[in-house]
1. Return the residues of the range B:257-274 that are surrounded by 24 or more Cβ atoms within 10 Å (Cβ to Cβ) and either within 14 Å of another protein chain (Cβ to nearest Cβ) or in contact with a strand residue (DSSP E or B) (Cβ under 6 Å, 6 or more places away or on another chain) (or both); say none if nothing qualifies.
2. Restricting attention to the range B:53-64, and to residues there that are in a loop (DSSP other than H, G, I, E, B) and under 30 Å from B:Leu27 (Cβ atoms), which single residue is farthest from the chain's Cα centre (by Cα)?
3. State all residues of the range B:82-135 that are in a helix (DSSP H, G or I), within 14 Å of chain A (Cβ to nearest Cβ) and surrounded by 20 or more Cβ atoms within 10 Å (Cβ to Cβ); if no residue qualifies, say none.
4. May I ask you to list the residues in the range B:246-256 that are in a helix (DSSP H, G or I) and surrounded by fewer than 21 Cβ atoms within 10 Å (Cβ to Cβ)?
5. Pick from the range A:43-71 the residues that are of a type in the set (Lys, Arg) and under 21 Å from the mean Cα position of the chain (by Cα): which of them is farthest from the other protein chains (Cβ to nearest Cβ)?
6. Looking at (1) of a type in the set (Gly, Ala, Ser); (2) free of Cβ contacts under 8 Å to residues at least 12 places away in the same chain; (3) part of a loop (DSSP other than H, G, I, E, B), which one does A:Gly93 not meet, given that it meets all the others?
7. Does the range A:200-217 include one or more residues that are of a type in the set (A, V, I, L, M, F, W, C), assigned to a loop (DSSP other than H, G, I, E, B), over 30 Å from B:Pro65 (Cα atoms) and within 20 Å of the chain's Cα centre (by Cα)?
8. Looking only at the range A:72-84, which residues are farther than 12 Å from A:Leu27 by Cα and within 14 Å of another protein chain (Cβ to nearest Cβ)?
Amino acid sequence: MKRAVAMAQFQVEVVANRALTGGYFVLELASEQDNAVGGAQPGQFVMLRGEWGRDLLNGRAFSVLEAIDARRFTVMLKVFGRGTGKMREMQPGERMTVTGPLGRGFPQPDAQPDGGAGSGRKQLLVAGGVGLPPLHFHARRLVGRGKADAVEMFYGGRSAAELVLTEALDEWGVQTVLATDDGSRGVEGRVTVPLTARLDAAAEAGEAVEILACGPTPMLAAVRELGLARGVPTSLCLEEMMACGFGVCLGCAVPVYGPKPYKYCCTDGPVFDAKEVRW
Amino acid sequence: MSAPTPTATPVPLESVELACDFGPLKLRSPILTASGCFAYGQQFAEFMDLRQIGGLSTKGISPLPRHGNPLPRIYETASGMINSIGLENVGCEAFLTEKLPFLADLDVSVWVNFFGTDFETYVDCAKTLSEGGEGRIDVLEMNISCPNIKKGGIEFGTVPEVAHRLTKACVEASEVPIVVKLTPNVSDIVAMAQAVKEAGAIGVSLINTITAMAIDVRSRRSRIATTYGGLSGPAIKPVALRMVHQVAKALPGFPICGMGGILTGEDVLEYFIAGAHCVQLGTINFSEPGAALRVTRELRELMAELGIERVQDAVATLGGYEAEPAHAEVSPWA
């Protein structure tokens, strides 16, 4: 299990709990000492638990939205159940336990699937709903390295309120196409509508592109189909129920093609090549 | 009326001795980690010094590798979780060559949990591990209780005569002592423990998970792909304690490794008082990979506070309540 940064478990304090539109919120967390999440790669995640007793037993997995510095990072989430419900109510100063960074992140735009450099493929980032954070982080990192034009963002939600953190994308100069189911912002329809058009244009122009996607499973399934049908390299950032996050509980199996029928979202992923996912 | 509280005279922390016996085995500490919750140990080396735990029980090993069950495999419930992983493991051969060397180097008690899919494969597995272990395995923990395999199995863990026959065959095939991990999904746990004791097991591990389910009312499907799974975590501790106590009472001195929902040093002491000689930590490892060391520290501090110098001074020491004065319609003080 080779990782760029060793995983660890450590305490953090909630610095801020910022509400966004659409029920989303961003938790900013900080540790007293430098922590390993400072070196997290986009696509990596953390397991978070508050000091709320063991009625809620295990940590909850969240992609890193931003590693601000060696002590501070953020996650973005939405209330889905009791754990996230408690997190929505957290106040600055409250403590949480973090395990991370966990998993393997997205491929870099200058890397080829075989590990070689210089593919020069443009990365089409496809985000849906709560799947935004790892792609937002990925775009941020590339912008920080002066590569805003290495990516284009395709971001979909049910309505305008569910599209968040788009100002940063504009500010960074990341070309962004928005889509909403109700047409209240951007293109009306699923995010796969503008994505399909973009893929067609790329094919016509002979432009090399690849897809990095994160979002609800039906969206990922649709994106996977698009990518596979066109022979476009596609990476999917998946989410599965997990108890530990570091390869022990074996709860987060992902069906794959290959010598073994399953891989693990936490240690083999969460980013998988669409070709290997057995959906 | 409350029970008389034994007067606790604290002892210094350094006079607490955690080294203890489990039948013929010497343990550095009574705190081990449980099968299925610690993989083959390597992942935890990133979080703590594994040499400080008493020992560990591996993921259940079968003669051939197994790939496990379809998704979803786990679901969290109040104070617990349900799992149906399906006994996924690397198989005997890969375990012996790829996993065991790491464990042997730790110099802790190595318990290899194993199972078969029928009588013969159980015995083969015990024999292969015993021989291939070459002295590096301290205990073969025989799993006759996993709720998550379809083929065979269930009567091994629930019918005393069958458990006896299987245990006896494995004991005869193995140079390594056998501890049998029992399922709580029986009506008479004592009969099961008695059966495997008479068959030559050096002790029992109590308890495996409790068969359970949870339902998604929107999809009207089980939260677990195989419909039922095994419940673990603090939700099951009261059931486990009761079973440990029943077996300890019926079979005094027979080594019991207690497990089920241990989160703290105080939980461990409850297990000792109920009659366990050592314990395993399971589900807590998922959310707190360094838990074994914290719980060890807590146990030591609590033993010092309560004046318990050695583990065996606490084992099977459950007290009773004094009988109430007989009822009478008229108070004798009237």
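1. B:Cys257, B:Gly258, B:Met259, B:Gly260, B:Gly261, B:Ile262, B:Val268, B:Tyr271
2. B:Pro63
3. Scanning the range B:82-135 gives a single hit, B:Lys99.
4. B:Gln246, B:Lys249, B:Ala250
5. Out of the qualifying residues, it is A:Arg71.
6. (2)
7. Looking for residues that are of a type in the set (A, V, I, L, M, F, W, C), assigned to a loop (DSSP other than H, G, I, E, B), over 30 Å from B:Pro65 (Cα atoms) and within 20 Å of the chain's Cα centre (by Cα), one finds none in the range A:200-217, hence no.
8. Listed by number, the residues that qualify are A:Phe80, A:Gly81, A:Arg82, A:Gly83.
The values are calculated or read from the model by the stated rules, or taken from the named source; none is laboratory data. The structure presented is a predicted model; accordingly, all values stated were derived computationally and were not measured. Cβ sites come from the backbone with ideal geometry, for glycine too, and all protein chains shown count toward neighbours.
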